[in-house]
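The values are calculated or read from the model by the stated rules, or taken from the named source; none is laboratory data. Nothing here was measured: the structure is a model prediction, and the numbers come from that model. All Cβ positions, glycine included, derive from the backbone under ideal geometry; neighbour counts span all protein chains shown. The accessibility values were calculated without ligands, DNA or RNA, using every heavy atom of the protein model including side chains. Shrake-Rupley method; radii C 1.70, N 1.55, O 1.52, S 1.80 Å.
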Amino acid sequence: MITLKELTNKEDLFVSGHGLCPGCGIPIILKLVLRATEYPIVISNATGCLQIASTKFPATSWKLNWIHSSLGNAASTISGIETMYRVLKKKGKLQTDTEIKFLAIVGDGGTNDIGLSSLSGAIERGHDFVYLCYDNQSYANSGGQRSSASPIGTSTSTTPTGKVLPGKLQYRKDITKIIVAHKLPYVAQTAPWNWEDLYTKAKKAFDIEGPAYLNVLNPCPKKWGIPSNKSIELTRIAADTCVWPLYEIEAGKNINVNYKPENKLPVTEWLKSQNRFKHLLNIENRWIVDEIQDEVDQNWKWLLKQEKRGINN
Ligand code: SF4
Ligand code: MG
């Protein structure tokens, strides 16, 4: 296992000068992921907070090869580049023997909604790449609209809580499970409070041949209504309530639940920590809290059961 000292001694490939909000989880997630391979990385980054904030002309925060993709096609872009690399290598036309890693980085809007077909296609074709979704559960960059990753009851700019709505009325799309159904070599869900878990999963994702998917909870002080100095530790509450379980599935069948809270907390602990959910604590919205608790409990039970018997049995 790597130590924090060893990690900090590795070269930082995403450097200062970006305009991401104070307390945003993205740079921390990224600094860990980019340290998880020794090989050069080529990145396809979809439009979103990260892309906008890291490439304000004429500056850049990237110290590696980086391509801006549209919201919907980061996975297609990286598929094409990975294929070109593979073909040139086969034909002996590369000037170096160095292995290259390919990484698509996309938010939840570009992953769950707009880019789902390009992601699904790239995984199904078996390209050798890592897909990193930083999931802040909204279209944070374009005004905080609901995405299909926003949980039921979330107050967003398009589902504002008030007399008409109690927040979003639909359930969150569980993208990790949708990706698991593709039976790819590696899928993992993680969060930045557990840097060892995040780093280890990113390393596995880079090391495994074929497509690998990482879904990382990205705390967003601006749209979640949380203090910027609490964002990372808040993602631990997501794990302690089992709202955001840390787990991984290898080869489409072996599932490991990587963190099991000693005291599983009620979902109200998660909801009360953020302004986007605070209306749910009013008595008239109790039914939504019950729905959320039920969904979380069912999912947690399912994960523990699959861990025991294997996902395909
Ligand atoms: Fe990060 Fe949210 Fe700010 Fe985007 S809006 S940079 S996700 S804190
Ligand atoms: Mg988002």
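Translational diffusion coefficient of region 42-155 (Stokes-Einstein, Kirkwood radius from Cα pairs, 25 °C, 0.890 mPa s): 163 µm²/s.
What percentage of the solvent-accessible surface of region 4-309, computed with a 1.4 Å probe over protein heavy atoms, is contributed by carbon and sulfur atoms?
Values: 7340 of 13670 Å².
That fraction is 54 percent.
Note on region 118-140 and region 202-220: Cα centroid distance 9 Å, given to the nearest whole angstrom.
Looking at region 4-309 alone, DSSP beta bridges between its own residues are antiparallel in about 30 percent of cases.
Within the straight-line cut-off of under 20 Å between alpha carbons, the lysines reachable from Lys308 are Lys177, Lys183, Lys253, Lys260, Lys264, sequence neighbours fewer than 8 places apart in one chain being disregarded.
Remark: region 4-309 carries 45 Å² of accessible area per residue (probe radius 1.4 Å; ligands, DNA and RNA excluded).
Where Lys and Arg each count +1 and Asp and Glu each count -1, what net charge lies around Thr96 among other residues with Cβ under 15 Å from its Cβ? Counting the neighbours of Thr96, the net charge comes to +3. Here the alpha carbons of region 4-309 define both size measures, Rg and Dmax, at 19.1, 68 Å.
Restricting region 8-82 to GluC sites (Glu not before Pro) that sit in a DSSP loop and have at most 15 other Cβ atoms within 10 Å of their own Cβ leaves Glu11, Glu38. To the nearest 10, the accessible area of Thr158 is 80 Å² with a 1.4 Å probe.
Pro266 sits among other residues whose Cβ lies under 14 Å from its own Cβ, and their net charge, with Lys and Arg +1 and Asp and Glu -1, is -4. Multiplying the residue separation of Lys177 and Val164 by 0.36 nm and removing their Cα-Cα distance gives an extension gain of 1.5 nm. Put simply, the amide H of Lys260, placed in the peptide plane, has no neighbours under 5 Å, leaving out anything fewer than 5 places away on its chain. Remark on Trp244: its backbone amide H falls under 5 Å from those of Ala239, a criterion applied only to residues 5 or more positions apart or on other chains, H modelled at 1.01 Å from N.
Taking only the C-alpha atoms, wrap a convex hull around region 178-300 and report its volume per residue in Å³ as a whole number. Present the calculation step by step, with values, prior to reporting the outcome.
Numbers: hull volume 14.2 nm³, N = 123.
Enclosed volume per residue, from the Cα hull, is 115 Å³.
Residue by residue, region 187-198 carries 3J(HN,Hα) couplings of 9, 8, 10, 8, 8, x, 5, 10, 5, 5, 4, 5 Hz when phi is fed to the Karplus relation 6.51 cos²θ - 1.76 cosθ + 1.60 (θ = phi - 60°); x denotes Gly or Pro. Using bins of 10 Å that start at zero, the share of Cα-Cα pairs per bin across region 222-271 amounts to 24, 43, 25, 8, in whole %.
Show that you can apply the helix-only estimate: for the chain, add -39,500 (n - 2.57) for every DSSP H stretch of four or more residues, divide by all residues, and state [θ] at 222 nm to the nearest 500. Display every interim value, and only then the final one.
Working: 11 runs with 110 residues, N = 313.
Helices in the chain give a 222 nm mean residue ellipticity of -10500 deg cm²/dmol.
For region 179-313, what proportion of DSSP beta bridges, expressed in % and rounded to the nearest 5, is antiparallel? Display every interim value, and only then the final one.
Values: 8 of 13 bridges.
DSSP beta bridges in region 179-313 are roughly 60 percent antiparallel.
Here the contact order of region 1-160, divided by its residue count and restricted to Cα pairs under 8 Å and six or more residues apart, works out to 21 percent. Karplus-derived 3J(HN,Hα) values for region 90-102, using 6.51 cos²θ - 1.76 cosθ + 1.60 with θ = phi - 60°, are 4, 7, x, 9, 8, 7, 9, 8, 4, 5, 10, 9, 10 Hz; glycine and proline are entered as x.
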